[in-house]
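One structure below.
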Protein chains: 2
Amino acid sequence: MNLDYIIPNNWSIIEEGFNPDQVKASESLFSIGNGAMGQRANFEEKYSGPTFQGSYIAGVYYPDKTRVGWWKNGYPEYFAKVLNAPNWIGINVTVNNEELDLYTCKAVKNFRRELNMQEGWLSRSFVATLQNDIEVEVQTTRFLSLDLDEVGAIDFKITPLNSDAEITFQPYLDSGITNEDTNWDDKFWDTLNVSHENNQAFIQAKTMKTDFYTCTFMESQVYIDGKSVVTEPAFSSDSNLASFSYTYSVKQNETYAIHKFGGYTVDRNHNKNELITAAKSSLSKATTAGFVQLLENQKQAWAKIWDMADITIEGDVKAQQGIRFNIFHLNQTYSGKDATLNIGPKGFTGEKYGGSTYWDTEAYCIPFYMATKDQEVARNLLTYRYNHLEKAIENAEKLGFKNGAALYPMVTMNGEECHNEWEITFEEIHRNGAIAFAIFNYYRYTGDFSYIPEMGLEVLIGIARFWHQRANFSGQKNKYVILGVTGPNEYENNINNNWYTNYIAKWCIDYTVETIQKVKEGYGDDYKRIAGKTKISHEELAQWKKVADNMYFPYSEEKNVYLQQDGFLDKELITVADLDKSQRPINQKWSWDRILRSPYIKQADLLQGMYFFEDKFTTEELERHFDFYEPFTVHESSLSPCVHSIQAAKLDRMEQAYTFYLRTSRLDLDDYNHEVHEGLHITSMAGTWMSIVEGFGGMRVKNDTLSFEPKIPEQWKGYSFKVNFRHQIITVTVNQNETQFKLEGDKDLTISVDGKAVTISPNLLVTI
Amino acid sequence: MNLDYIIPNNWSIIEEGFNPDQVKASESLFSIGNGAMGQRANFEEKYSGPTFQGSYIAGVYYPDKTRVGWWKNGYPEYFAKVLNAPNWIGINVTVNNEELDLYTCKAVKNFRRELNMQEGWLSRSFVATLQNDIEVEVQTTRFLSLDLDEVGAIDFKITPLNSDAEITFQPYLDSGITNEDTNWDDKFWDTLNVSHENNQAFIQAKTMKTDFYTCTFMESQVYIDGKSVVTEPAFSSDSNLASFSYTYSVKQNETYAIHKFGGYTVDRNHNKNELITAAKSSLSKATTAGFVQLLENQKQAWAKIWDMADITIEGDVKAQQGIRFNIFHLNQTYSGKDATLNIGPKGFTGEKYGGSTYWDTEAYCIPFYMATKDQEVARNLLTYRYNHLEKAIENAEKLGFKNGAALYPMVTMNGEECHNEWEITFEEIHRNGAIAFAIFNYYRYTGDFSYIPEMGLEVLIGIARFWHQRANFSGQKNKYVILGVTGPNEYENNINNNWYTNYIAKWCIDYTVETIQKVKEGYGDDYKRIAGKTKISHEELAQWKKVADNMYFPYSEEKNVYLQQDGFLDKELITVADLDKSQRPINQKWSWDRILRSPYIKQADLLQGMYFFEDKFTTEELERHFDFYEPFTVHESSLSPCVHSIQAAKLDRMEQAYTFYLRTSRLDLDDYNHEVHEGLHITSMAGTWMSIVEGFGGMRVKNDTLSFEPKIPEQWKGYSFKVNFRHQIITVTVNQNETQFKLEGDKDLTISVDGKAVTISPNLLVTI
C-alpha cells in the first residue's frame, strides 16, 4: 500500500478521494491539538470501518500494570499510558432514519480533507449516497481553540441533494471509551455522573488509580441555511453516554448545520468539585463568541505563532510542506505554558510508547522552543526536570546508587520511570547527559544564567554523582571505563565504553565542577544553600575529577577513528549500501541478536556526540568519522536523519544534507517507516527544524555571539527562518546568491557570518 | 522463615508437626511421580489454607500466548506451559457434617508426613480436633504405581477417638482446575463429558489448542476396621466434577477407610475414543490387585531401581538423605521408556519455567541415566533431539541462518522454541554445543556408535553448520569471533567471544568433521544417505575447518588465564568474599545492569568447559582457572555447585568439594534459594549424582576404559555407587582406607584406578 497520497501544498495537508485503507493514517496526519488537548482526525459521524479513536488531555495518564516476559529487579510496577479520553466530537447523523456511515454508503465522491496549518483548522467534505439512495453533501470544519484551550468547535453541515429528508443530528459525549494500548484490559475510566442542563451536557469521569477528575462537556446550536433554529432537543443518556437529538425535515438543497462546542475541564486546572461550573464558563465564552468568531480568533492566534516560527522554502513545495507540518505539530503538542507538561513522542496523535518525556526533549526539542518562543518556554522544560530531581535520585537508589546520585528515567510522566526493558531502562543512561547538556545549551543560547543557581546546579550535581559512581576503574586499561550501556544507537545493547556515553559522562563532570565554581564565585547565597543541601565537598569534587580526567575512549589507530564502543571493529563490516534491500528495515526483518552483532547503526551515536560538542573536534575529524560511520547507519530511528543532515551540511555535502532533510521532514507525510497509522513522530520534528536552522543556516552560538554559515541546497530558490535571540528577533533569508539578515528589537546586534563579525541594526536589512 | 525442617533420615523425607507456612514447601518436597504422571503432595481432603495444587501428566502441555513487554522479531508466539491436570486425588471428608480441613481445625497434633523413598510411597498422619469437638485420627498412604503407570492409589483411614460420628468420604474428580502459571487467564481445559458406571467415575477433558484428550478416572472401596463394606454410593456431578458419597456411622475408635484408585488415560497412549475403555481396564487391574498388593508391587519396583541407582553414604545422614532425594526424584520424573518425553526442570513438582527440555538434559542428566539405566534410556534422550532436528533447522532459519543450519531451542516441549527473552532465546546458543557433546559422550561411555550413523550425524551437521555461520571474521583480530552471546553464566548477556561458547563451537566443528570421516569409512550406506540428504561437500567442510582452526579465544597474558569473555578484566574485580552479605543473592537484590557489569558468575562457565573437555587441559591449568574464577562465582544457579564440586575434588580440595556437594544435594531440602514452594530443581539433581560418581569417585571413560580416582571427604566413613558400563554392573565402595570394586556380568573388565590398569572379574571383590 502506497501511503504517499498527501497532495503537496505550501500551507495545507490535503487528501482527495475516499480510501478506507488510508483512514487510520489520515487520522494521524490530520491530528489537531492546542497544547492542552489534542485528538486524532476521527470522523464526527459514525464510522464502522477500521479506525483508531483517540482524544487526549495533556497531563492525564494511566499507570497501567507493567507487562513483561521475565521480571527484573528495579522494573517499574506501572507504566504511564497515554490515555484516550472521553469522546466529545461525536455527532451521529441519520438521514431518513439511516445512519450516515462512510464505510457503508453506496458511494462516496468528492471526498476531500484539509488540515490548514496556517489557520489551525481541519475540514472535510464529501458527497455520499446512502443505502436509501439519498445523496447528501457534507462539509465539516473543526478546530481546538488556542484562545480557549478547554474548548473545541465543530461546524457540521449537511445538504440533501436529491430529495427532502428528515435529518437528525445526535451530538453526544461518550466516556465508554477504550485504549488501543492496554496490557490487561483494565478499565481506565470511572464515570461518576452524566447530567445535562438545557442544551448543555456533562460527563464527569475520573481516571482509575491516578484519580484525574475530568468533566467532558458539550453544547450545540443548529441552523438551516445559516439561520439559527430554536429547538428543544431530546436528551438521552446511559451510564457513560449523553446525547441530544436535533431533528429537522430538511428540504432538497437546504443545508442543515450544527455548531457543536465541547471539550474538557480537568482538576489539573480547577477544583475537582467545580469542573461543571468551569465547563459552563468555557461554554459560555465559546457560544457567546460563536463558531465564526472563534475561528477568526484561531486564525489570528496561529498567525502569531507562524509569524515567529515559520520557515519558508521557495521552489520546493514538498520541502515547504514538510517543514511547516513539523512546526505545526510541535506547536499543537506543547505550548510551553505549563512546566508540568512535556513533549510526548507521539504528542496527541497516538498512544504508542506511553509516557510523555524522553531525552528527545533535551536533545532535540529545546533548541526549537528556545529559538521560536519566549525563553520562558525552554526554561519551563528545564524546570520540569528540576521538579523531578528527587524522583531521579530515588530511581538511582533503586539501582544501587547513593549519596544523591540521580538517574533520570528513560520515559516518564510524573518523574517515575515507566519503561521496562532492561537494556534501555537500566542501561540507556546517556539520557542523563542530555539533561545536563540542555542546561548548558540553554545558558549558552539565552545568556540567562539564573536557572543554574536557582535549580540547574542541583540537577548537575545529581548527574555528576551518578557518572562518578557509574564508572569503574579498569586495572587492565589503567583508565575509568563505563560498562554495560546502551548508547543513542539502540542497535547495540549492554556494550562497554560507548564513546558517546563516556564522552558525555566526562563532560557532565567537568561542566558541573566548573559550574559549581562559577556559582560559588557569583552567587554565594545560592552556593551556600546548595552546598548545605547536597553536602558537596572538595574531596568529592576531586574524586569526580579523577574519573573525568582518566576516562577511557576507545580508539582505533588503524582506522584513525574513535570506536563507537569496545569491539566495534570485530564486526563484519559490510556497509548498508552492500546490504540486500530485501533485508531492510532490519528492525522488521531481523531477529534482535542479528541486529546487535551487525555493524548497523540505528541513529547517530558518535556523530551525535560530535554534534553536541563540535567545538572539540576539527572539521577534518568530523569528516573522517562521518565517512566511517554513516555508511553503517540505517537511520531506522526518526532522530537520525536530522543530525546527519546538519553534519552533512557542515561538511558541504549539500546533496546528502538535502536527502536527509527530506527524510526527516517528510518522515510521516511519506510514511518512511510504515507506521504512521500509530501516530506521528513529534519529537523528531524539532530535529527537522534544526536541520534547516543549524544545518543549512549553520546557526550556532559561539562566545555569546549568534553566528551563521548559510548554505542552500541547489533544489531551492531560497529559504528563510526567524529566531528569537535574547529577546530580539532575527530573520534570516537565504537564496542561491546571498543571505539577508533583519533584526527586530531595540538595539544593534553583532553576529558572525561565515566567521566574520557583522553588526545588524533594528529594521535595517543587511545583505551578505 | 526457616525451612530447614526436614528430619534427617537415611531413606525417608520426614516432617513432624503441622505448620501452615510450610505447606507449599512440603507439597514440593514430598511430590510423587512415576514417569508418566506426577503430583505435588497436596492433601486429599479439603484444605482452605495457602496451597499450590498440581497434578501433571507427562507430555501434556498448553501453548500459552507469549507475554512480553516489547516484542522482538523471532520470538515464539506461544510458550509451552506445564499443565495442571484434573484432580483425581480429592476425597472430601465430613465428620458429623463438618468438613475436615486442617486449616480450620481447633487443634492438630501428631502431624507427621513421610516420603518413603526406598519404597516409593507418601504417608501422612495426624490427630485433629474439629470445631464440633470430635477428635479424629487420620492416616493416609498414597503412591503412583510404577507397575500400572496410569494408576495411583490412596488409602485414607479415619478413626473418631472421642465419640461415635457419622463420617462421609466424598472421593471426587475435578476438571475445574487452574494453572498457577498463566499469562492471560485463558481456560486451559475443556471438559467434554462427566460420567459414571457403578463405583467408577470418568471425566473426559481435552486441553485447549493442543487437543490432548484425557480421561481422569476413579473407583473406591470402603472398609470398617479392615472389613470391606458393600455400599451403593450416591453419585453427584456437575459440568466438571464427579463425586461419590460413602457415609457410615462410625463408632468411637472404629477405623473407617477408603481405598481410592485413580489416574489418567491419555490419547498419547490410546485411541482418543477408547480412553474410558482403557481407564476401566486400568481400574480393573488395580482393584483386582487391591491396595495392599499394589503397594507390595510398588516396593519391589522401587527396590529394583535402587538396586541399580542407589548411592550409599556412611557416617553422614544429611548427605545420604540428600543424594537419595536426588536419585529418587530423577527416577520419579523420567523413566526413559518414551523417546517423546524429557526431563522438565521442575519435573512433576511445579509449573515454573514451562517447557520440558533445556540443555540441562544433555549437560547434566544424560550421564546419570547412562550409568544407572539400560543404555536405551540415554539413547532415547538423544533420539528426542534427532526427532526435533527439522524444527531446529526451521528455528535457525527464522533467525537468518540457512543451508540446514540447526539451532535447537532454549526451552521446548515439542521441538519449537518456547522461551522469549532475547538475551537467552537468541543468544544463549551454547546449548547447541551441549547437544553435540552428548552424542560424543554417549558413544564414549557406551561404545555404541550406531546412533551416530543412524541419527546423530545429521544432528552434528546441522549444529556444525550453525557455528560456521554464526562466527564471523574479525579483520582486527585476524581470527574468527562469535559476537553477541550469553554463555552458561547467565549473569553476562550479549557478550563477545565467550570462551566457553567459542571453545564448544570449534569443538563441534572438529568433532563433526572427524565423525563424517568415520561414518564415511565405516558406514558407507549411511554416509551416502546422509550426504545425499544434507548435501555436504569437501568445500563446505573446508570452510567449516577454516573457522574452527582460526577461532579466537580471549586470553590474558598478565593473569595467565583464558578470559570468560572479551573485556572481563575491565570489571571491578571484587571477590564474592569481599561482597557485603546483605547484597546476596544478587539476583534478588540488584538490578540487572548491576549484575551484568559486576564480575559475579552465576554458574560455572569457563570451568564448565574445562569439565567437558578436561583432557585438553592440565591440572595446573584447571587449578589456575579455578583459583581465578571461583572467587567471583555466586552459584546462584542450581547447576553450579555440582561442577565446582567435581573440579574441587579433582584438585584435591576435599573440604571445598564437600561443601559444594552438600549445597547441590540439599539445595531443595534446605531451600538454599528460598523458592522450594515453586517446585524442585530436578535437572540439577543429576549434577549431584555426578558430583559423587565423577567428583569423589573420579569416574571417567578414557580410551574405552572405565577409570576411577577415588577420594573421600573426611566427614564420611564410606560411600558406594554402582554404574552400568557396557552391560556390566560395577559396584564401587570407597572408605577412608581403600576402594573395593565388584563386577556383575559375564566377562572380566579391565578398569583403571588412579592411572593403573586393574582387571576385575565377575563377582570377585577387588580391594585397592
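Structure notes:
- Subset of region A:574-586 [open to solvent by 60 Å² or more (accessible area, probe 1.4 Å) and not small (Gly, Ala, Ser)]: A:Ile574, A:Asp578, A:Asp580, A:Lys581, A:Arg584
- Between B:Leu573, B:Leu569, the distinction of being in contact with a strand residue (DSSP E or B) (Cβ under 9 Å, 6 or more places away or on another chain) and hydrophobic (A, V, I, L, M, F, W, C) belongs to B:Leu569 only.
- Scanning region B:493-503 turns up one or more residues that are open to solvent by 10 Å² or more (accessible area, probe 1.4 Å) and over 27 Å from A:Tyr600 (Cβ atoms).
- Residue identified as acidic (Asp, Glu), modelled with pLDDT of 95 or more, more than 26 Å from A:Ser243 (Cβ to Cβ) and open to solvent by 40 Å² or more (accessible area, probe 1.4 Å) among A:Glu119, A:Glu137: A:Glu119
- B:Phe473, sole failed condition from (1) away from every other protein chain (no Cβ under 14 Å); (2) farther than 18 Å from B:Gln564 by Cα; (3) surrounded by fewer than 24 Cβ atoms within 10 Å (Cβ to Cβ): (1)
- Residue match in region A:188-202 (condition: of a type in the set (S, T, N, Q) and outside any strand (DSSP E or B)): yes
- Selection within region B:723-734 - polar (S, T, N, Q) and either touching a Phe, Trp or Tyr at 6+ places or on another chain (Cβ under 8 Å) or not assigned by TED's automatic domain parsing to the domain that holds B:Ile760 (or both): B:Thr731, B:Thr733
- Selection within region A:532-565 - among the aliphatic types (A, V, I, L, M), farther than 20 Å from A:Gln476 by Cα, more than 13 Å from every other protein chain (Cβ to nearest Cβ) and buried (at least 18 other Cβ atoms within 10 Å of the Cβ): A:Ile536, A:Leu541
- Among the residues making up region B:17-31, those that are open to solvent by 30 Å² or more (accessible area, probe 1.4 Å) and either without any contact (Cβ under 8 Å) to a residue 12 or more places away in the chain or not in a loop (DSSP other than H, G, I, E, B) (or both) are B:Pro20, B:Asp21, B:Lys24.
- Any hit, region A:672-680, residues being among the β-branched types (Val, Ile, Thr), more than 23 Å from A:Ile712 (Cα to Cα) and outside any helix (DSSP H, G or I): no
- Options A:Phe143, A:Phe156: the member that is more than 29 Å from the chain's Cα centre (by Cα) and surrounded by 21 or more Cβ atoms within 10 Å (Cβ to Cβ): A:Phe156
- Members of region B:56-79 that are in contact (Cβ under 8 Å) with a residue 40 or more places away in the chain and either within 14 Å of chain A (Cβ to nearest Cβ) or more than 23 Å from B:Lys352 (Cα to Cα) (or both): B:Asp64, B:Lys65, B:Thr66, B:Arg67, B:Val68, B:Lys72, B:Gly74, B:Tyr75, B:Pro76, B:Tyr78, B:Phe79
- Within region A:208-225, considering residues that are outside any strand (DSSP E or B) and not polar (S, T, N, Q), the one nearest to A:Tyr56 (Cα to Cα): A:Phe212
- Scanning region A:432-466 for residues that are more than 14 Å from chain B (Cβ to nearest Cβ) and either assigned to a strand (DSSP E or B) or closer than 29 Å to B:Glu492 by Cα (or both) gives A:Gly433, A:Ala434, A:Gly462, A:Ile463, A:Ala464, A:Arg465.
- Condition met for A:Thr664 (open to solvent by less than 20 Å² (accessible area, probe 1.4 Å) and closer than 30 Å to A:Tyr511 by Cα): no
- Single residue of A:Gln298, A:Gln293 found to be among the polar types (S, T, N, Q), open to solvent by less than 10 Å² (accessible area, probe 1.4 Å) and in a helix (DSSP H, G or I): A:Gln298
- Positions within region B:476-496 being in contact with a His (Cβ under 9 Å, 6 or more places away or on another chain) and either assigned to a helix (DSSP H, G or I) or facing chain A (nearest Cβ under 9 Å) (or both), in sequence order: B:Val485
- Breaking point among (1) under 24 Å from the mean Cα position of the chain (by Cα); (2) buried (at least 22 other Cβ atoms within 10 Å of the Cβ), for A:Asp310: (2)
- Residue satisfying all of: in region B:573-596; within 21 Å of A:Lys477 (Cα to Cα) and without any contact (Cβ under 8 Å) to a residue 40 or more places away in the chain; nearest to the other protein chains (Cβ to nearest Cβ) among these: B:Arg594
- Some residue of region B:391-398 being within 14 Å of chain A (Cβ to nearest Cβ), part of a loop (DSSP other than H, G, I, E, B) and among the hydrophobic types (A, V, I, L, M, F, W, C): no
- Region A:194-250: number of residues that are crowded, with 20+ Cβ neighbours inside 10 Å and of a type in the set (Asp, Glu): 1
- Residue list for region A:504-518, filter: buried (at least 24 other Cβ atoms within 10 Å of the Cβ) and among the β-branched types (Val, Ile, Thr): A:Ile504, A:Ile509, A:Thr512
- Complete set of residues in region A:412-431 that are more than 12 Å from chain B (Cβ to nearest Cβ), open to solvent by less than 20 Å² (accessible area, probe 1.4 Å), touching a residue at least 40 places away in the same chain (Cβ under 8 Å) and more than 20 Å from A:Lys506 (Cα to Cα): A:Thr412
The values are calculated or read from the model by the stated rules, or taken from the named source; none is laboratory data. Small disclaimer: the values here were computed from a predicted structure and weren't measured. For neighbour counting, all protein chains shown are included, and Cβ atoms are generated from backbone atoms with ideal geometry for every residue, glycine included. With ligands, DNA and RNA removed, areas are computed over all heavy atoms of the protein, side chains included. Shrake-Rupley method; radii C 1.70, N 1.55, O 1.52, S 1.80 Å.
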